[in-house]
Amino acid sequence: MTAPLFAMNPDRIGQLGLEVNRNKLLGEAKLVKRFASDIERSHKAVTTLIQYLGQLHSTPNGVMGDAEKHTGAWKAVKAAAAVIRANEDKLRAEAKDLLAECDAEAEAHWKSHLPSTAVHMRVYDMAERYVAKGEVENLRAMMSDQAVAAVIALSPRELVHPLFGHATREGLVNSALFKAQPAIKEKSDMAADLLSLADGHKSAWRTCMYSVTSEKMAEQNEKPQAPAMPEAVPA
């Protein structure tokens, strides 16, 4: 599409005209069946917007002036962004629910393996030595025992050792958890994929909003109406 006069950064919005670029941001409906209809609506919103911008650009100035084109582009941009943002919200809400389920299931798992207080103290003693020496792999091996892993998972990391880093602890605990409970890992991975897809949706609607026209220019004229977009379905 030839760059429209009312586009601030036409190359960015033009890139979304390619299906491969949209797929990178919005995903592919056939690969995310649970949200297939939402993803299809997001794609439709973008393609409808780009098609409409092309129509505006090809309309002679004698039929529609630049001010009207700015207004039409801005209305279309907001309509498309509303659809994509609604789908972003749905994806994030689902990911949040999945992560909450993972947390609850993980806590139940660890509590079911929590050993006696005496074992707690022995675990702390060994874990403290390994952390102090930077021997993380030794600690990982020790945590192959679910009772040991439960102590590490349910204890404040500072109680194990002040130098026991949050990321290190989380990595060790998740490694032990996912090995013992692959279903939780599957759910966690699904949540991560949905969050990545939500981030792609955010990038897409921001590209639409910040690539084309400007609200200030659009306020100069009340015409024309925005094109019909697929209905935004709230989360």
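Just so you know, all these numbers are worked out from the coordinates, no wet-lab data involved. Not measured: the values here are computed from a predicted model. With ideal geometry, Cβ positions are generated from the backbone for all residues, glycine too; neighbour counts draw on all protein chains shown.
A few points about this structure:
- For the pair residue 100 and residue 67, a Förster radius of 45 Å applied to the C-beta separation gives a FRET efficiency near 0.35, rounded to the nearest 0.05.
- Equivalent ellipsoid, the stretch 106-183 (semi-axes from 5 times Cα gyration tensor eigenvalues, Å): 18, 14, 11
- The reciprocal of the average 1/r between distinct C-alpha atoms defines the Kirkwood hydrodynamic radius, which for the chain equals 21.1 Å.
- Full extension of the segment from residue 125 to residue 82, taken as 0.36 nm per residue of separation minus the current Cα-Cα distance, would add 10.0 nm.
- Once the Cβ-Cβ distance of residue 145 and residue 167 is raised to the sixth power relative to R0 = 22 Å, the FRET efficiency obtained is 0.50.
- Kyte-Doolittle at least -1.0, axis length at least 27 Å by Cα - qualifying DSSP helices, the chain: 36-58, 66-113, 182-211
- In a fully extended conformation the segment linking residue 19 and residue 186 would gain 57.3 nm over its present Cα-Cα distance, using 0.36 nm per residue.
- Helical content alone sets the calculated 222 nm signal of the chain at -24000 deg cm²/dmol, taking -39,500 (n - 2.57) per DSSP H segment of four or more residues and averaging over every residue.
- Charge dipole magnitude, Cβ of K and R +1, D and E -1 - the chain, Cα centre, debye nearest 20: 280
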